[in-house]
Amino acid sequence: MTKSEDRTITPAIEDYLKTIYVLQQELVAVTTTAIAERLNFAAPSVTNMLKKLADLHLVHYTPYQGVELTPAGEKVALEVIRHHRLLELYLIEALGYSWDQVHDEADRLEHVISEQFEERIDIALGRPTLDPHGDPIPTKDGNLPAADETRLVDLEVGQSAVIVRVAGGADVLRYVASLGLLPQITVHVLDRAPFNGPLTVRVGEERHALGRELAEYIFVAPVMERVKTKGD
């Protein structure tokens, strides 16, 4: 039985499971506070939902210690993520949305499309493996390839890397796009200011100073190439 056939799995539950899955990729332990901040909900409401998810055997929840998905919960989360990322790509490819517009639309649609409609989208797009932001699309049987990536902010001066994906909200996506910082583009680290200062990078012939917070949203795959830096 898929989650769409199980009427106990509501859109709210899907949102929680998807959020927990994403946070598990980012944090050592997924806490009630982290979920509340990501979903912009009050902590008591999150606690109540986690207890419900535990009763449904979708998560393992230990108060004050954290939460993790069970295999059943992960299966639902990956199905929702698959819907979301296919929809994002479809909205761009077929309907002309920009990459900063698709997230909210996909959030609304991911809960209602049928498995048949998902399959039609997948076929129409040529069985894609990445969404518009570079995130991998889970396979139909629930596999998500492990990403070999690091954050741009963690690169050393002189390193080059290919942008793999860009996280963040619409404002972040619009801004990095205006700088040409898109998936599959090569970026070169030229300088790193001290005391948590900006990262200076080169994209093509352009140079940009990126705040560390922004650089944390950009994930890259380093390449073996050293470029001239400020001190060379």
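The values are calculated or read from the model by the stated rules, or taken from the named source; none is laboratory data. Just so it is clear, the model here is predicted, and its values are computed rather than measured. Heads up, the Cβs are rebuilt from the backbone with ideal geometry, glycines too, and the neighbour counts pull from every protein chain shown.
Does residue 213 satisfy being without any contact (Cβ under 8 Å) to a residue 12 or more places away in the chain, farther than 24 Å from residue 86 by Cβ and not in a strand (DSSP E or B)? Judged against the criteria, residue 213 is a match.
The residue that is surrounded by the most Cβ atoms within 10 Å (Cβ to Cβ), counting only those in segment 81-132 that are without any contact (Cβ under 8 Å) to a residue 12 or more places away in the chain and of a type in the set (Lys, Arg), is 120. Residues in segment 7-22 that are surrounded by 13 or more Cβ atoms within 10 Å (Cβ to Cβ), charged (D, E, K, R) and over 15 Å from the mean Cα position of the chain (by Cα): 14 only. From the set of residues in segment 144-187 that are among the hydroxyl-bearing types (Ser, Thr, Tyr) and not in a helix (DSSP H, G or I), which is surrounded by the most Cβ atoms within 10 Å (Cβ to Cβ)? In this case the residue turns out to be 160. For residues that are of a type in the set (Lys, Arg) and over 23 Å from the mean Cα position of the chain (by Cα), scanning just segment 34-57, find the one that is surrounded by the fewest Cβ atoms within 10 Å (Cβ to Cβ). Checked segment 34-57; the qualifying residue surrounded by the fewest Cβ atoms within 10 Å (Cβ to Cβ) is 51. If you take the residues in segment 193-206 that are within 26 Å of the chain's Cα centre (by Cα) and part of a strand (DSSP E or B), which one is surrounded by the most Cβ atoms within 10 Å (Cβ to Cβ)? For segment 193-206, the residue satisfying everything is 201.
Are any residues in segment 23-33 free of Cβ contacts under 8 Å to residues at least 40 places away in the same chain and either surrounded by fewer than 19 Cβ atoms within 10 Å (Cβ to Cβ) or within 16 Å of residue 81 (Cα to Cα) (or both), and if so, which ones? Once the filter is applied, which keeps residues that are free of Cβ contacts under 8 Å to residues at least 40 places away in the same chain and either surrounded by fewer than 19 Cβ atoms within 10 Å (Cβ to Cβ) or within 16 Å of residue 81 (Cα to Cα) (or both), segment 23-33 yields 23, 25, 26, 27, 28, 29, 31, 33. A single member of 168, 126, 158 is assigned by TED's automatic domain parsing to the domain that holds residue 213 and farther than 20 Å from residue 222 by Cα, and it is 168. Within the bounds of segment 134-143, is there any residue that is surrounded by 15 or more Cβ atoms within 10 Å (Cβ to Cβ), modelled with pLDDT of 90 or more and of a type in the set (D, E, K, R)? Among the residues of segment 134-143, at least one is surrounded by 15 or more Cβ atoms within 10 Å (Cβ to Cβ), modelled with pLDDT of 90 or more and of a type in the set (D, E, K, R), which makes the answer yes.
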